[in-house]
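Working notes for the structure below.
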Amino acid sequence: MHPPFEDVVRAHGATVLRVCRAVVGVHDAQDAWAETFLAALRAWPTLDEGANVEAWLVTIAHRKAIDVWRATRRRAVPVAELPERVDAGEGRDLDLWAAIARLPDRQRHAVALHHLGGLPYAEVADVLGGTPAAARRAAADGIATLRRTSLRWAGGGDEGRQDRERHGDGHDEGDER
Amino acid sequence: MTAHENGEIRPTALTARTTDALAAALAPVDDATLDGLRTLLAERAERDGLLDVAYRTVDGPLGTLLVAATPAGLVRVAFEVQDHAAVLADLAARVSPRVLAVPRRLDAVARQLDEYFAGTRRRFDLPLDLRLSHGFRRAVVEHLAEIAYGRTASYAQVAAAAGSPRAVRAVGTACALNPVPVVVPCHRVVRSDGTPGRYAGGAAAKAALLALEADGVAPGGDRGGRPA
């Protein structure tokens, strides 16, 4: 028995939007978001009852965001690599979104899938290819760069230092087995 | 999803802090943005024929009504006392789980309900999808439309009109399970002694609808016709 799809949109809409924004940029994320939920709506009646709905949506969102990313690039007109058109209300976060947009693809996707989408590293590896350890490293490298380059995170320095020190000491985050 | 079974869904404390800090730094996604996205989704779903059930709510003198439509027409009207979440779950199970809130798709329904409650509309002019009503109950629901605005009929009279004069109790059940109350006027079916009887929206709602229609019909009788 599947609940009304509206419940799914309300429960996971914000998470899916963050994943789309991280992969394709703030401006094109809207198209990716709509395509994600459209594909999910189509498949909703036949989704396994026990499936993790958010993980399922995050995986679709990643694929749709890449589709939008490729389509945008095919249309040429390489205006800018970074999202420039941002609604006024969202301007306060531009620095961090812009920092995410500057990350190398693999790091950006790993951060999007794990930290914004909540996928465990084993599933991030399924999506991106490679091993869970490599996925974890890509995400950690991405986070380290964000801490270095995003002003917004400068205030949270204690935690950031601790995080880096731990990595420096060879400890890992340990959520892969 | 085997990874979840291995317990990997729970990040360690450190990862969780990083994730929380990132989410906090990116700020919540505001409601206006999500509303705009949901409108975009509704447009594409309709374009692709995936909008199996659209719904919205309509505020009126009887509280908030839930109204839902399929591409064929209005499929459900529900009172607050019927629990809107339960009604939507029932629609997902009995019609399709492809259910989305799309107010625009029900603008005509909302407008006609507003006019009805304002006393300026006596007949609803809407396509109906009666798929939630079967057999004898469906026959009863179809006959209910014949009871004119401001008039009433007894359960026994409706039973006779539906071709089963002895099925008085079944008429009561059919009225209670009318999927589109107000629009299909089961409130006009009353007990033989003239008292209103039971109603899915509550006895008070039934009395209020009968009073509304009595006010709308001038003492000299039904003047007929309906305002534009």
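Points worth noting:
- Label separation (A:Asp126 vs A:Arg73): 2.6 nm, computed from points 7 Å beyond Cα along the C-beta direction.
- The amide H of B:Ala153, built 1.01 Å from its N in the peptide plane, has B:Val189, B:Val190 as neighbours under 5 Å, considering only residues 5 or more places off or on other chains.
- Local electrostatic count at B:Val190 - Lys and Arg +1, Asp and Glu -1, tallied over other residues with Cβ under 13 Å: +3
- In order through the range B:203-216: 3J(HN,Hα) via Karplus (6.51 cos²θ - 1.76 cosθ + 1.60), integer Hz, x for Gly, Pro: 4, 5, 5, 5, 4, 5, 5, 5, 5, 4, 6, 5, 5, x
- Couplings 3J(HN,Hα) for the range A:142-147, derived from phi with the Karplus relation 6.51 cos²θ - 1.76 cosθ + 1.60 (θ = phi - 60°), are x, 4, 4, 5, 4, 5 Hz, where x marks Gly and Pro.
- Net charge in the neighbourhood of A:Ala71 (other residues with Cβ under 14 Å of its Cβ; Lys, Arg +1, Asp, Glu -1) is +2.
- Local net charge near B:Ala174, Cβ-Cβ under 9 Å (Lys/Arg +1, Asp/Glu -1): +2
- The DSSP beta bridges internal to chain B are antiparallel in roughly 65% of cases.
- Phi-based couplings in Hz for the range B:48-60 (Karplus 6.51, -1.76, 1.60; Gly and Pro marked x): 8, x, 10, 8, 5, 9, 10, 9, 7, 10, 10, 8, x
- Accessible area buried, both sides summed, chains B and A with 1.4 Å probe, Å²: 4300
- Cα centre as origin, Lys/Arg/Asp/Glu Cβ charges: chain B dipole, Debye: 880
- Normalised by the number of residues in the range B:31-117, the mean separation of alpha-carbon contacts (under 8 Å, six or more apart) gives a relative contact order of 31 percent.
- Chain B: angle of helix B:107-117 to the longest principal axis, Cα-based, in degrees nearest 10: 40
- Of interest is the spacing of the C-alpha centroids, which for the range A:105-136 and the range A:24-72 amounts to 16 Å.
- Distance from the range B:99-129 to the range B:34-53 (C-alpha centre basis), Å: 20
- Prolate/oblate/rounded call for chain B, Cα gyration tensor, a/c under 1.5 rounded: prolate
The values are calculated or read from the model by the stated rules, or taken from the named source; none is laboratory data. Just so we're clear, the structure is a prediction, and the values are computed from it rather than from any experiment. Counting neighbours? That spans all protein chains shown, and the Cβs are built from the backbone with ideal geometry, glycine included. For accessibility, only protein heavy atoms count, side chains too; no ligands or nucleic acids. Shrake-Rupley method; radii C 1.70, N 1.55, O 1.52, S 1.80 Å.
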